[in-house]
Structure formats: C-alpha cells, structure tokens
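FYI, it's all coordinate maths here, none of it is from the lab. This is a predicted model, so every value here is computed, not measured. For neighbour counting, all protein chains shown are included, and Cβ atoms are generated from backbone atoms with ideal geometry for every residue, glycine included.
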C-alpha cells in the first residue's frame, strides 16, 4: 500500500474540489483528504437526513456550497471563488432503479451537469487536473464472464448506465477541447460496487441488509445469483487520489478501472458473509427478478490491470473483508462502541498501513 499518497496534492496552491461531497462516497473522500491533511472544498446538493454526512454532522466542517450542478452560472462562479487545483467530480444521480422513476432528471444531472462542471473548470485558471467518476456499468454487457477493460465498448441499457455513458462522452469531448487549448487533464474513473459504513441509499444490498438487521424486518434480495465487483469504498478513493497525483506530472490514460482482485461475488454470497459477520440470521425473502425484467445485468466484473501497472494500485480489502468491515462498522456504531468518526478513522488507518 502506498502510504505516501497525498504528498503531491498537499503541495498544490489550491484545494481539491469534491463535487457531491455530501453523498456516501463524497463524505468518505472528504474525510480521507482531511486525514491526509490535504485541503478540500465541496459542492453538492444539501444532504439527505439519513446520510453519513448528516450522521457525522459534517455541515461547515469544510468550505462548501450547496448548489445544483445543472445551474451553470452558479457552478462556474463558485468554482472560480474556490480556485481549486484539482477536481474529483462525484455529483450524480447514482441509482439504477431511481433512474427508471426519474430518467429525465438522471440525464440532466449526469450528462448536462458533468458538461457544466467541465466547462466551468476550463474557465477557471487554477484547475490543473479533473477526474470524473463514472461506473463499471458503462460497459456493453452481453452477459459474458469476461472482465471489462478500459478500452471495451460502452453501452447503457437502463437510464442510469446510459446517462453514465453520456457522461463518458462528455469527458471525451471536453478532453479534446482542453487538449486544444492547453487546459487541464480530464479523465474518467470507473469503480465497481462500493460498500462501507454509513451508506443508507435505497435499493443497495449492504444498506438493505443493515436496515433489515437494525429494524428486524425481512430482507428482500433481488437477483441472488447476480455477481458484482464489491469493494470497500476507501479502495477506489485511494486510487482516485493516486490518479490525480500522477496526472499532475505526466499525461495519463483516458480512463481507469478500480475493483476487487478476485472473481466477483454473487449477491447470495454477500448476504451469507454479512449474516455470519453480524452473528444472527436475517429473515430473507428471495425475489429473483432475472426472468421478469432487465433492470440490472446478471454478471459484472472489471479488470484493474491498468491501474495496477501505472499507479501500483491494489485493493486493501478483499471482497469478503470489505463486507465484514462494513457490517462491523455498523455494529460498533449502532451499539455505541465507536462514534462514526472513530469507526471511519480506523478504516482509514487500515487503508494506509
């Protein structure tokens, strides 16, 4: 593990801007940057009441502005005031099932919002590099068991993944604009299914397990045989910072994958690991939708060889350990053994040792 990550970023004249800093990954990233003594600022919508950001009472802990990235003028003026040296763009509508309920707003946020962000950054002289977080779900998935590499064709079948393919197109277009004008490096960062303490999003497996455990209500499991590249949230975040640092010194690739080093686990595997970690059994209602709809792909795996080769990046947690760590975080916080801040710091210490 590269515990020296952050040395380059600490020497930058301006802070790191994190968009979507009130979200699950955004909150963890802000905490990690603070842990590494790297100045950070945030742009986001206001937090949800049950979010990790709210649980940890993060309001006003950093310089932040609550705005909608679809508003170009507000976004650009805020970024210019913050004068960041580097940007990690996470602000998005991140849920597949919600994208079916609100497809237009999903496209507006994920595509137009990303274009607004990149254009605003190109108009801000302080910005030297921009990493845009997309997803492993941008790849054309025909149900094979082959792990996707960064140069594979992109295609989205559901509104969420299609909007993220749109985001990738925005990244490609603005990369060309930036290259033609001597602007910042722009690249995309694609992660697998991230898990960790504090996530309470609807229709995600680990949050659903935690809510079921804490409430005593049955857990409905969608597509128990589906596979996903599960990873602890800090693993890709560490990779994002490594990519930022490398981009400040040399030209890097247009995109990088971050995921587990082992074969993707099934949903059923993850439920069993979580059950064993918590110590009591869940009442499980299997709800196999695989023959009823095409909401979600059955098989998904990504190849992280490029990140390994260029950054010497490796996941710190195995998939099994990431699940156990997530459950342990919730057990300790819900029982009052640790505060959320203490639990997060333990995970960050583990990451960097």
log₁₀ I(q)/I(0) of region 85-209 at q = 0.13, 0.21 Å⁻¹, via Debye over equal Cα point scatterers, no solvent, to two decimals? -0.57, -1.23
Give me the three principal axis extents of region 1-124 from the C-alpha atoms, as integers in angstrom, largest value leading. 43, 34, 29
Computed, not fitted: 222 nm per-residue ellipticity of the chain from DSSP H runs ≥ 4 (each -39500 (n - 2.57)), nearest 500, equal to -12500 deg cm²/dmol
Stretched fully, the stretch from residue 73 through residue 11 gains (0.36 nm per residue minus C-alpha distance, one decimal, in nm) 19.4 nm
On each of the three principal axes the extent of the alpha-carbon atoms of region 7-351, given in whole Å and largest first, is 57, 45, 38
Simple spin-label estimate for residue 104 and residue 173 in nanometres, 7 Å along Cα-Cβ: 2.0
Computed over the chain: longest principal axis from alpha-carbon atoms vs helix 319-335 long axis, angle to nearest 10 degrees, is 80
So for region 1-42, considering every pair of alpha-carbon atoms, how many percent are separated by more than 13 Å? 51
In degrees rounded to 10, the 0-90 angle between helix 113-122 Cα long axis and the longest Cα principal axis of the chain is 30
In degrees, nearest ten, helix 267-278 long axis to first principal axis of the chain (Cα): 80
From Cα pairs below 8 angstrom and at least 6 apart in sequence, can you work out the relative contact order of region 7-351, rounded to a whole percent? 17
For residue 261 and residue 201, compute 0.36 nm times the residue count separating them, minus their Cα-Cα distance, and round to one decimal in nm. 19.1 nm
Distance cut-off 18 Å, percentage of C-alpha pairs in region 54-157 lying past it: 60
Out of all DSSP beta bridges with both ends in region 7-351, state the antiparallel percent to the nearest 5. 10
